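Worksheet: one structure, shown below.
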Amino acid sequence: MDLYSLLGLSVAGAALATLLRQYKPEFAMAVSLVLGAFIFMSVIINMTPVFDTLKELGERVSDNRYVSAVIKCLGVCYLTSLASDICRDTGQTAIASKVELAGKVSILLLSLPLFNELISIILDLVNL
Amino acid sequence: MDIDFIFRIAAIGIIVAVLNQVLQRSGREEQAMLTTLAGLIVVLMMIIYQISDLFDTVKSLFGLR
């Protein structure tokens with residue numbers, strides 16, 4: 001799916017969603033959810049070369065833990081933003097903020113080992 | 001995940017809206033509400049499978065668990 005067809009599809013989906021919002025808001029939410037998921041899926045599939053190059057760079061610099069942690073945090077960010085935008089789109093701002101809170105906490109948990117590594121590296125430098 | 005899935009959901013929404021109006025005009029509010037509920041359930045069942053394979057793709061690509 002190249003960019004231009006995605007753009008046209010999103011505008012058509014937005015028009016469908018506004019049409020449905022007047023009569024049946026729940027179907028408007030369904031259309032926007034599926035359209036968001038579809039575009040997100042096609043973008044993600046096009047991103048695989050980016051991940052491969054990132055992994056190669058990670059192996060060249062040091063072991064692969066840091067790059068994979070960064071990629072995991074990226075995945076968590078994408079999913080939580082998808083879910084919170086859908087909730088905010090239907091007017092549930094409270095649920096949207098809770099989903100974002102959950103995403104932040106999970107990213108923090110993912111990056112805890114990196115903090116330890118960082119602190120230990122700094123301490124080694126300071127003790128020189 | 002193909003494009004006409006989105007338009008299928010929009011079509012179901014429009015059909016349910018029209019059915020709802022017809023049923024309400026003819027005095028059957030309960031059936032109107034039930035058809036809306038049925039349409040919603042059908043659409044949600046269709047969506048669940050698409051969302052689940054989206055999450056599987058993301059998990060496999062980003063190496064999340």
- Note on the structure: Using alpha carbon centers only, the range A:64-94 is separated from the range A:5-24 by a whole-angstrom value of 23 Å
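Semi-axes of the equivalent ellipsoid for the protein assembly as shown, please: Cα gyration tensor eigenvalues, times 5, square-rooted, ordered largest first, whole Å.
44, 19, 12
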- Relative to the longest principal axis of chain B, what angle (0 to 90°, nearest 10) does the C-alpha long axis of helix B:29-62 take? 10 degrees
- DSSP loop (so not H, G, I, E, B), at most 10 other Cβ within 10 Å: list which trypsin sites (Lys or Arg not before Pro) in the range A:1-75 pass both filters. none
- Query: For A:Glu26, what accessible area in Å² do you get when you roll a 1.4 Å probe over the heavy atoms of the protein chains, rounding to the nearest 10?
  - Reply: 60 Å²
- Message: Residues of the range A:70-88 with the amide nitrogen closer than 18 Å to a label point 7 Å from the Cα of B:Arg65, along Cα-to-Cβ, please.
- Response: A:70-84
- Just by accessible area at a 1.4 angstrom probe, what is the order of A:Phe27, B:Phe55 from largest to smallest? B:Phe55, A:Phe27
- Task: Would you mind giving the mean number of other chain beta-carbons within 10 Å of the Cβ of each residue in A:79-89, as a whole number?
- Result: 1
- Item | Span from the the range B:1-30 Cα centroid across to the the range A:33-49 one, whole angstrom | 27 Å
- Message: So for the protein assembly as shown, if I pair up every lysine 8 or more residues apart or on another chain, how many of those pairs have alpha-carbons under 24 Å apart?
- Response: 8
- Rank these by accessible area, largest first, 1.4 Å probe: A:Lys98, B:Lys59. A:Lys98, B:Lys59
- Item | Charge dipole (the protein assembly as shown, unit charges on Cβ, about Cα centre) - positive-most of B:Gly63, A:Met47, A:Ala30 | A:Ala30
- Could you give the size of the charge dipole of the protein assembly as shown about its Cα centre, using +1 on the Cβ of each K and R and -1 on the Cβ of each D and E, expressed in debye and rounded to the nearest 20? 480 debye
- Message: Quick check: the angle from helix A:48-61's long axis to the longest principal axis of chain A, C-alpha only, nearest 10 degrees?
- Response: 10 degrees
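Provide a whole-number value for the mean count of partner chain Cβ atoms within 10 Å of the Cβ atoms in peptide A:36-49.
Counting Cβ atoms of other protein chains within 10 Å of each residue's Cβ and averaging gives 3.
The values are calculated or read from the model by the stated rules, or taken from the named source; none is laboratory data. Bear in mind the structure is a predicted one, so any value in this text is a computation, not a measurement. A quick note on method: Cβ atoms are made from the backbone with ideal geometry, for glycine too, and the neighbour counts reach across all protein chains shown. Just so you know, the surface numbers come from the protein's heavy atoms only, side chains and all, with ligands and any DNA or RNA stripped out. Shrake-Rupley method; radii C 1.70, N 1.55, O 1.52, S 1.80 Å.
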